[in-house]
1. Mind listing whichever residues of region 142-172 are in a helix (DSSP H, G or I) and either surrounded by 14 or more Cβ atoms within 10 Å (Cβ to Cβ) or touching a Ser or Thr at 6+ places or on another chain (Cβ under 8 Å) (or both)?
2. Taking region 98-111, which residues are open to solvent by 10 Å² or more (accessible area, probe 1.4 Å) and not charged (D, E, K, R)?
3. Which of the residues that make up region 249-264 are at pLDDT 85 or above, of a type outside the set (Ser, Thr, Tyr) and more than 14 Å from Ile451 (Cα to Cα)?
4. Of the residues Thr610, Thr577, which single one is buried (at least 21 other Cβ atoms within 10 Å of the Cβ) and away from the ligand (no atom under 11 Å from the Cβ)?
5. Restricting attention to strands (runs of 3 or more DSSP E) lying wholly within region 267-378, give those where 1 or more residues are in the same structural domain as Leu422 (by TED's automatic domain parsing), touching a Phe, Trp or Tyr at 6+ places or on another chain (Cβ under 7 Å) and away from the ligand (no atom under 16 Å from the Cβ).
6. Considering Leu417, Leu422, Leu452, Leu441, which residue is open to solvent by less than 10 Å² (accessible area, probe 1.4 Å) and in contact with a strand residue (DSSP E or B) (Cβ under 6 Å, 6 or more places away or on another chain)?
7. In region 546-578, what residues are within 22 Å of Val310 (Cβ to Cβ) and among the aromatic types (Phe, Trp, Tyr)?
8. Any residue in region 315-342 that's closer than 22 Å to Ile482 by Cβ: show its pairings with residues that are of a type in the set (Phe, Trp, Tyr) at Cβ separation under 6 Å, as long as the two are six or more apart or on different chains.
Amino acid sequence: MCGIVGYIGEQQAAPILLAGLSKLEYRGYDSAGICVRDESTGNVEVVKAKGRLRTLIEKTDDGHSVIGTSGIGHTRWATHGEPSENNAHPHCSDDKNVVLVHNGIIENFQELKEKLVKRGYTFYSETDTEVAVKLIDYYYKKTESPLTSIATAMLHIRGSYAFGVMFKDCPNKIFAARKDSPLIIGKSEHGTLIGSDVPAILDQTRNVYYIDNMEIAELTKDEIHFFNMDEDEIEKEVVQIKWDAEAAEKGGYEHFMLKEIHEQPRAVQDTIGAYVKDNAVDFSEIGLKDEELANIERVYIVGCGSAYHVAMAAKYVLEDMTQVPVEIDIASEFRYRNPILVKNSLVVIISQSGETADSLAALRLAKEKGVAVLGVVNVVGSSIARESDHTLYTYAGPEISVATTKAYSTQLIAMYLFAMRLAQVKGLLSEEDCAKMIAELNELPAKIQKILDDKERIQWFASKYANAKDMFFLGRGLDYAISLEGSLKMKEISYIHSEAYAAGELKHGTISLIEDNTLVVGVLTQSNLYEKTISNMVEVKSRGAYLMGLTTYGNYGIEDTADFSVYVPKTDPHFATSLAIIPLQLLGYYVSVAKGLDVDKPRNLAKSVTVE
Ligand code: M6R
């Protein structure tokens, strides 16, 4: 997805902008550009490049050839118009007075464009962004006020946006504004900054302000002012970002994904630690009171991609532990199916980024229908975190690789803790049994580490199957939820066609796809379903499949059926997903590496999907 950086200060802007943009590369992009103003001459220079940021860096001699101490930069992930230099941001008004970068989508851009054409404007690109810059220019020419022109344009634009804006004839200032697209404002020792994500400005500062929907920020080299749509000034508190700058780097690993896989013991531990006090689950800090939990008669869990897979695992755990019916939904389905949300229910929205457009829309729909929302979110201050009634933060830290691993693992932990607390409040889990479960949870980090320590076997197996055309993942119950996530990990980074099936469902059609040597991964962590899934594995083996079995230590009988077996430590069966997913993450990772693919930035994908 697109990225924004802006800077105004005492130092040369272009190197700072390029360094910030390089920290946003993980979001996915296809072109990049910067605009810098030389405050001494008033000269404004725009440089763009299609493809990798490296091209822009080379074109500008690491930014040194672009003179000036204020500017805005952008990495673009094409939505309107092909990836090209012409469509790349920044975009300018015809007289080059107004320059703008934009994340998000302007839904009524066609309608606005027609109006501007009638007023004599011409357009050089296919983007919705050019409409925004020309609309601001139109109001600027009428009002001669940057603030009024941005505010008036915002009132006419429908959709989502984060803007960075400069006016040639308003020196020593840059502006930022947002609606439904993330943006933060930073203050460093030598200047002020804007960034669409924390890593973009973390090298410069840890002191940030969160700009809210329909607000505008005006930045000079040493001051930041915030305004609402009436242009009244708003006071904001500075927030200290605690992320370690190192945490946003690869830390010696070949890829972010491998680093993040290895961070899971720590991330899981931190998430448990945040909500377990004195051997009990404690949600008092997030304001989720026992009385509120006691009233819950139904839970809806909504998310996209891996977050939806967490929802599925959570459904099995919650229903088993709490006897509360749980419905799960993919956010893009939930938001358009006019869901019937019963009274005394709770909607849980799971999202790493907290900015996924469909998940955010699902949250707003739930609130419109008068149902309380619990957000399970990783990015602090993100839209879903701020708009939820209660937010259970996960403590994964910054996740850079597009394929989620540690955020997924921490989301599982958050949902186990939620299930445990709800079961206790409903009188279905004694204090003693809860303490036992907490003890099991506390053992998960070491058990994950043990699986990671044995990763070479998976690496070897992955190299054998790197050329596979198709793969299938089978499991029942929780093992089906694990299979879905294992299959997604495989397909998104290795580009191998892969499907997950509830093991009993295969014989209703899909088994016809099994041929000699098709790789089938059977997941068997649930002892009550073990024999059933073994039977399904035998069915595919007799049709030529090559079988990998993933089960717990002790189930050595699997070797009679599977051609290659992987064991994970035993745990409470409710928590099995947390262990069984690790070998499947490693399998996807090593197949991608063996194929020489761009593991952290798979094709066509973005880390944060802020468009629907
Ligand atoms: O930021 P979110 O958790 O809301 O993102 C949801 C999905 O886009 C995300 O899980 C996606 O499926 C990942 N690429 C999976 O690895």
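The values are calculated or read from the model by the stated rules, or taken from the named source; none is laboratory data. Everything numeric here is computed off the predicted structure, so don't read it as measured data. All Cβ positions, glycine included, derive from the backbone under ideal geometry; neighbour counts span all protein chains shown. Note: accessible area is taken over every heavy atom of the protein model, side chains too, but ligands, DNA and RNA are not part of it. Shrake-Rupley method; radii C 1.70, N 1.55, O 1.52, S 1.80 Å.
1. Lys142, Thr143, Pro146, Leu147, Thr148, Ser149, Ile150, Ala151, Thr152, Ala153, Met154, His156
2. First, pick out the residues of region 98-111 that are open to solvent by 10 Å² or more (accessible area, probe 1.4 Å): 104-105, 107, 109-111.
Within region 98-111, Gly104, Ile105, Phe109, Gln110 qualify.
3. Glu254, His255, Phe256, Met257, Lys259, Glu260
4. Thr577
5. 326-330, 345-351
6. The conditions single out Leu417.
7. Correct list: Phe575 only.
8. Glu327/Tyr300; Ile330/Tyr308
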